[in-house]
1. When the residues of the range 113-125 are narrowed to those that are closer than 14 Å to Phe136 by Cβ and out of contact with any Leu (no Cβ under 8 Å at 6 or more places or on another chain), which ends up surrounded by the fewest Cβ atoms within 10 Å (Cβ to Cβ)?
2. In this structure, does Ser40 turn out to be open to solvent by less than 10 Å² (accessible area, probe 1.4 Å) and touching a Lys or Arg at 6+ places or on another chain (Cβ under 6 Å)?
3. Please specify each residue of the range 4-25 satisfying the condition of being open to solvent by less than 90 Å² (accessible area, probe 1.4 Å), β-branched (Val, Ile, Thr) and either more than 22 Å from Pro85 (Cα to Cα) or part of a loop (DSSP other than H, G, I, E, B) (or both).
4. All but one of (1) closer than 30 Å to Asn160 by Cα; (2) in contact with a Lys or Arg (Cβ under 9 Å, 6 or more places away or on another chain); (3) not aromatic (Phe, Trp, Tyr) hold for Pro69; which doesn't?
5. Among the residues in the range 116-123, are any within 29 Å of Ser174 (Cβ to Cβ), at pLDDT 95 or above, polar (S, T, N, Q) and not in a helix (DSSP H, G or I)?
6. Kindly list, by first and then second residue, each pair from a residue in the range 85-100 that is under 18 Å from Ile62 (Cα atoms) to a residue that is surrounded by 13 or more Cβ atoms within 10 Å (Cβ to Cβ) and of a type in the set (Asp, Glu), limited to pairs with Cβ atoms under 9 Å and residues at least 6 apart or on different chains.
7. Out of Arg58, Arg88, which single residue is buried (at least 20 other Cβ atoms within 10 Å of the Cβ) and not hydrophobic (A, V, I, L, M, F, W, C)?
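The values are calculated or read from the model by the stated rules, or taken from the named source; none is laboratory data. None of the values given here were measured: they were computed from a predicted structure. Cβ coordinates were reconstructed from backbone atoms using ideal geometry, including for glycine residues, and neighbour counts include every protein chain displayed. Keep in mind that these areas ignore ligands, DNA and RNA; they rest on the heavy atoms of the full protein, side chains included. Shrake-Rupley method; radii C 1.70, N 1.55, O 1.52, S 1.80 Å.
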Amino acid sequence: MNEIKEIAQLGAAVLRQNAEPVCDVNGADTRALIAAMKASLAGTQGVGLAAPQIDASRRLVIVASRPTPRYPNAPLMEPTVMINPSFRALSDAKEKGWEGCLSIPGIRALVPRYTDIRIAYTDENGAPVERVLHDFIARVFQHEVDHLDGLVFLDRVESNRDIFSESEYLKLFS
């Protein structure tokens with residue numbers, strides 16, 4: 001059975017570090033990290049997870065969009081392991097959308113993100129992948145990549161008035 005790791009919370013030093021590239025996709029450490037991330041994410045209502053969130057400063061994320069009570073309108077996407085991910089915006093178009101984070105429970109905020117991006121990463125089998133993401137999935141990807149760069153979603157907020165408690169958010173938007 002894969003070990004479920006505790007989610008690092010805001011204030012943990014690992015969340016503010018620039019994560020190290022993954023050099024050996026098939027190495028035992030990488031395989032164990034992927035397994036721990038999958039197990040840890042599966043037990044949450046999250047739609048993505050970055051390795052620093054389970055105290056591993058490596059450039060590895062999982063995007064796993066699915067409808068949950070936290071994101072009832074999220075599109076369904078199989079959990080996708082993305083190693084050493086990067087992206088570029090396909091236009092300057094950004095849209096504000098609500099985000100939360102497993103590392104910052106109880107808070108939601110309106111965060112501007114690119115709506116259309118081209119991403120590149122190595123999959124868990126070591127194959128290079130390029131694809132285009134739009135809207136919610138693009139938002140989740142950018143949120144997770146921020147974790148690899150030592151950023152959290154609150155760093156992207158344009159105004160403190162765009163930050164809500166989860167309970168107020170649910171009153172207004174449920």
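1. Within the range 113-125, the match that is surrounded by the fewest Cβ atoms within 10 Å (Cβ to Cβ) is Thr115.
2. yes
3. The answer is Ile7, Val22, Val25.
4. It is condition (2) that Pro69 fails.
5. Looking for residues that are within 29 Å of Ser174 (Cβ to Cβ), at pLDDT 95 or above, polar (S, T, N, Q) and not in a helix (DSSP H, G or I), one finds none in the range 116-123, hence no.
6. Pro85/Glu144; Gly100/Glu166
7. Numbers: Arg88 fails: buried (at least 20 other Cβ atoms within 10 Å of the Cβ).
Answer to the selection: Arg58.
Residue-by-condition table, conditions (1) part of a loop (DSSP other than H, G, I, E, B); (2) modelled with pLDDT under 95; (3) within 11 Å of the chain's Cα centre (by Cα); (4) of a type outside the set (A, V, I, L, M, F, W, C):
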site	(1), (2), (3), (4)
Ile104	yes, no, no, no
Arg108	no, no, no, yes
Pro112	no, no, no, yes
Val140	no, no, yes, no
Arg161	no, no, no, yes
Phe164	no, no, no, no
Leu170	no, yes, no, no
